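The values are calculated or read from the model by the stated rules, or taken from the named source; none is laboratory data. Computed from a predicted model, the values in this text were never measured in an experiment. Quick reminder, even Gly has a Cβ in these numbers, built from the backbone with ideal geometry, and neighbours come from all protein chains shown.
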Amino acid sequence: MENSKSLKLENQICFPLYVIAKEITGLYRPFLDELDITYPQYLVMMILWENDGLAVSSIGEKLYLDSGTLTPLLKRLEAKGFIQRKRKKEDERVVEVFITESGKALQQKACEIPEKIHNKVGVTKEDWITLKESVQKILSKIEK
């Protein structure tokens, strides 16, 4: 029965990671509601603001999403006028995603969100960076 301690919720790393992810994502909601996008759509847009014209497969790799999850997200963003999907001329199997003018305007509005989230959480930038680096280190071990 000594192994039953390993099953206590308080001894799990997965639980606080799950809760913090859920809570931080929730903090984004009011800011993203103002932009009429969801958190997953925000993640897609951030990738495209950094690298416009990416293939759907590249976006999926960066977000750890399969095409079955990503395609509906992209369709909704396209319906809102923030992106445009185009088949690559050289290889029509490849779909590339481009930011529209509305998507660029959205970027201007979204620029304030990271600072607002940081202020809402109320931890130092150093703690924020340390947490991100620790999580990234664990993630890189899992990916191997």
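Numbers below:
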item	result
Checklist (1) among the aromatic types (Phe, Trp, Tyr); (2) modelled with pLDDT of 95 or more; (3) under 25 Å from Gly26 (Cβ atoms) applied to Phe98, failing item	(3)
Tally of residues being over 23 Å from Glu78 (Cβ atoms) and of a type outside the set (Val, Ile, Thr) across region 14-40	11
Residues of region 104-144 satisfying the condition of being part of a loop (DSSP other than H, G, I, E, B) and either within 18 Å of the chain's Cα centre (by Cα) or aromatic (Phe, Trp, Tyr) (or both)	Cys111, Glu112
Which numbered condition Glu78 misses (of (1) touching a helix residue (DSSP H, G or I) at 6+ places or on another chain (Cβ under 9 Å); (2) modelled with pLDDT of 95 or more)	(1)
Region 29-62, subset of a type in the set (Asp, Glu) and under 25 Å from Lys116 (Cβ atoms), residue surrounded by the most Cβ atoms within 10 Å (Cβ to Cβ)	Asp52
Number of the exception - Gly68 against (1) closer than 17 Å to Leu43 by Cβ; (2) surrounded by 10 or more Cβ atoms within 10 Å (Cβ to Cβ)	(2)
Verdict on Ala79 being closer than 21 Å to Leu35 by Cα, of a type in the set (A, V, I, L, M, F, W, C) and surrounded by fewer than 14 Cβ atoms within 10 Å (Cβ to Cβ)	yes
Residues located in region 6-24, provided they are under 17 Å from Gly122 (Cα atoms) and either touching a helix residue (DSSP H, G or I) at 6+ places or on another chain (Cβ under 8 Å) or touching a residue at least 60 places away in the same chain (Cβ under 8 Å) (or both)	Ile24
Any chance Gly103 is surrounded by 13 or more Cβ atoms within 10 Å (Cβ to Cβ) and either of a type outside the set (A, V, I, L, M) or touching a Gly at 6+ places or on another chain (Cβ under 6 Å) (or both)	yes
Considering residues of region 82-97 that are closer than 20 Å to Thr38 by Cα and not charged (D, E, K, R) only, the residue surrounded by the fewest Cβ atoms within 10 Å (Cβ to Cβ)	Gln84
